[in-house]
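Throughout, read-outs are computed from the coordinates displayed, never taken from laboratory work. These numbers come from a predicted model, not from an experiment. Methodologically, a virtual Cβ is constructed for each residue, glycine included, from the backbone with ideal geometry; neighbour enumeration extends over all protein chains shown.
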Amino acid sequence: MDRQIIQFYKQAYKDSFEEIHKQEIYKWKAVQVFQENWDINANDFGQMLEVSLSKTGNLLDSNNTFPRKMAVSNARVSPNVMRQVFENLFNEEEDLLERVKNFREDFKLINRKNFPDKTDYQNHREVIVYLCLRYPENYYFYKFNMFKDFANKVAYDYVPRMGRYENLSQYYHLCELVKQELILDQELLKLHKNRIETDCFFDSNLNILTQDFIYAVVRHLDIVEPQERKKVTSVNVTTSQTATATVKQKEVDFTARIVNHQKKNAQNKRLGDLGELWVLQQERKRLITAGRKDLAEKVDHISMSQGDGAGYDILSYNEHGNEILIEVKATKGSLHSPFYITRNELERSIRDDEKYRLYRVYNFDVDRQHGKLHIFEGSLLNLCVMPTQYQIHIDSIE
């Protein structure tokens with residue numbers, strides 16, 4: 001993602017803020033109405049759903065598509081079945097993509113029974129709208145063309161393709177990166193805070209604002225973006241077997257400190273995300289330079305396309321087509337700065353030690369998108385020298 005382009009459009013967004021606000025403030029109002037009226041246990045589920053969705057406007061209905069109408073109509077005919085369908089969708093304990101798939105499939109069956117001659121109109125966009133209305137601090141309003149156009153404008157390293165469920169996870173990741181840029185702009189945050197009135201939902205996580213900015217870039221800000229992109233400098237890469245690596249062990253420090261963990265975690269996540277994108281770009285460039293464009297196109301950002309838990313972030317290849325499993329750890333500090341790995345990362349490195357790589361990105365400049373890279377090959381077992389936390393199991397209490 002090109003942060004220079006983001007900064008350019010952020011200024012344009014602020015310059016046109018009042019005009020954009022007048023056209024888009026309905027989104028905050030729609031969320032507020034939903035929050036005030038949603039009741040999964042309502043006696044008249046169809047009526048409750050109609051009122052809850054009454055201010056959504058073209059968040060749902062647009063041109064010749066009528067997802068809101070079909071949702072309400074089916075809820076009136078089959079209230080208890082639709083109640084269960086929405087309850088399943090809003091179950092945050094389950095996987096997001098599975099919930100989206102199940103909602104679309106279940107809705108299609110219900111609609112086919114109730115209105116066999118009518119389209120249900122429940123696509124990715126509409127299902128994500130329901131989730132945003134219910135959990136506005138967790139999700140981002142989604143449109144495929146908006147995502148595709150914005151990703152192209154800001155040089156995001158993923159090309160959305162119509163109908164793919166992985167678009168949703170990639171879009172969420174892009175929104176998280178963009179939000180971190182918006183959070184840094186106090187002038188923008190003040191403009192946003194001042195426009196929220198009592199009939200609007202106050203999005204303390206700034207998710208609606210983030211989508212509003214993305215939508216404004218592709219819909220409202222018809223301006224010429226800067227043509228000069230930052231030149232990509234050469235990357236210093238060093239490699240070692242993890243078995244020969246040495247890690248400094250620090251003395252225990254009992255000094256008490258007050259730490260803003262929320263801010264620190266957000267900064268660390270942003271740094272980690274940008275580090276992963278940087279490595280993704282370097283891997284593709286490496287393979288293209290080696291004459292393996294076919295492999296470069298197969299490089300996959302696993303932590304985004306499939307989610308966390310795989311034990312690595314990026315699936316890449318060597319010049320011979322053999323898989324490389326890459327875990328990325330980025331820091332603004334030196335190569336010797338300490339870092340953390342998860343149990344899954346450790347176990348994956350042991351199980352797939354021949355193809356496992358830890359890419360330690362250090363001296364990383366997030367503004368210039370430049371850093372140094374040291375690659376540890378094989379199992380991470382010998383790097384794990386000092387646990388900082390211990391898990392306790394209490395089997396019984398007398």
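About its Cα centre, what dipole magnitude does the chain give when the only charges are +1 on Lys and Arg Cβ and -1 on Asp and Glu Cβ, stated in debye to the nearest 20?
Values: 56 positive and 59 negative charges, 191 e Å.
Its charge dipole is roughly 920 debye.
Under 14 Å from the Cβ of I20, count the other residues' Cβ atoms, weight Lys and Arg +1, Asp and Glu -1, and hand me the total. Don't skip to the answer; put the middle values down first.
On the way: positive: K10, K14, K22, K27, R195, R219; negative: D15, E18, E19, E24, D212, D222.
So the environment of I20 carries a net charge of 0.
What residues of segment 85-109 lie in the reach of a label at N205, counting those whose backbone N is under 16 Å from a point 7 Å from the Cα along Cα→Cβ?
The answer is 90-97.
With the cut-off at 16 Å, report for segment 78-168 the share of all Cα pairs above it, as a whole percent.
59 percent
Restricting attention to the alpha-carbon atoms of segment 296-351, what are Rg (one decimal) and Dmax (integer), both in Å?
Considering segment 296-351 through its Cα atoms, Rg and Dmax are 12.6, 34 Å.
Which trypsin sites (Lys or Arg not before Pro) from segment 126-206 combine a DSSP loop assignment with at most 14 other Cβ atoms within 10 Å?
Hits after loop and neighbour filter: R161, R164.
Taking the Cβ of L358 as the center, what net charge do the other residues with Cβ under 9 Å away carry, scoring Lys and Arg +1 and Asp and Glu -1? Don't skip to the answer; put the middle values down first.
Values: positive: K329, R357, R360; negative: E327, E345, E377.
Around L358, the surrounding residues sum to 0.
On a full-extension model of 0.36 nm per residue, what is the gain between N123 and N318, subtracting their alpha-carbon distance, rounded to one decimal in nm?
Values: separation 195, 0.36 × 195 = 70.20 nm, distance 3.82 nm.
Here the segment from N123 to N318 would lengthen by 66.4 nm.
Hey, what number do you get for the chain at 222 nm if only DSSP H runs of n ≥ 4 count, each worth -39500 (n - 2.57), divided across all residues, to the nearest 500? Numbers along the way, then the final one.
Working: 16 runs with 190 residues, N = 398.
Taken over the chain, the calculation gives -15000 deg cm²/dmol.
Would you please give the FRET efficiency between Y340 and K285, computed as 1/(1 + (r/R0)^6) with r the Cβ-Cβ distance and R0 = 30 Å, to the nearest 0.05?
Numbers: r = 28 Å, r/R0 = 0.94.
The pair Y340/K285 has a calculated efficiency of 0.60.
If you average the alpha carbon positions of segment 351-382 and of segment 183-216, how far apart do those two centres end up, in angstrom?
Rounded to whole Å, the Cα centres lie 36 Å apart.
Net charge near N207: determine it from the other residues with C-beta under 10 Å of the C-beta of N207, scoring Lys and Arg +1 and Asp and Glu -1. Numbers along the way, then the final one.
Numbers: positive: K179; negative: E137, E176, D203, D212.
Around N207, the charge tally is -3.
Using only C-alpha atoms and all pairs of different ones, pull out the Kirkwood radius for segment 3-219 in Å with one decimal.
Working: mean 1/r = 0.0553 Å⁻¹.
Kirkwood hydrodynamic radius for segment 3-219: 18.1 Å.
As I understand it, the dipole of segment 1-137 uses +1 on the Cβ of Lys and Arg and -1 on the Cβ of Asp and Glu, about the Cα centre. Which of V31, F45, I110 lies farthest toward its positive end?
I110
How big is the chain by Rg and Dmax over its Cα atoms, in Å?
23.8, 72
What nm distance separates the two modelled labels at T198 and V159, each placed 7 Å from Cα along Cα→Cβ?
5.2 nm
What GluC sites (Glu not before Pro) does segment 1-99 have in DSSP loop regions with at most 16 other beta carbons within 10 Å?
Values: sites: E18, E19, E24, E36, E50, E87, E92, E93, E94, E98; in loops: E92, E93, E94.
Qualifying residues, ordered by number: E92, E93, E94.
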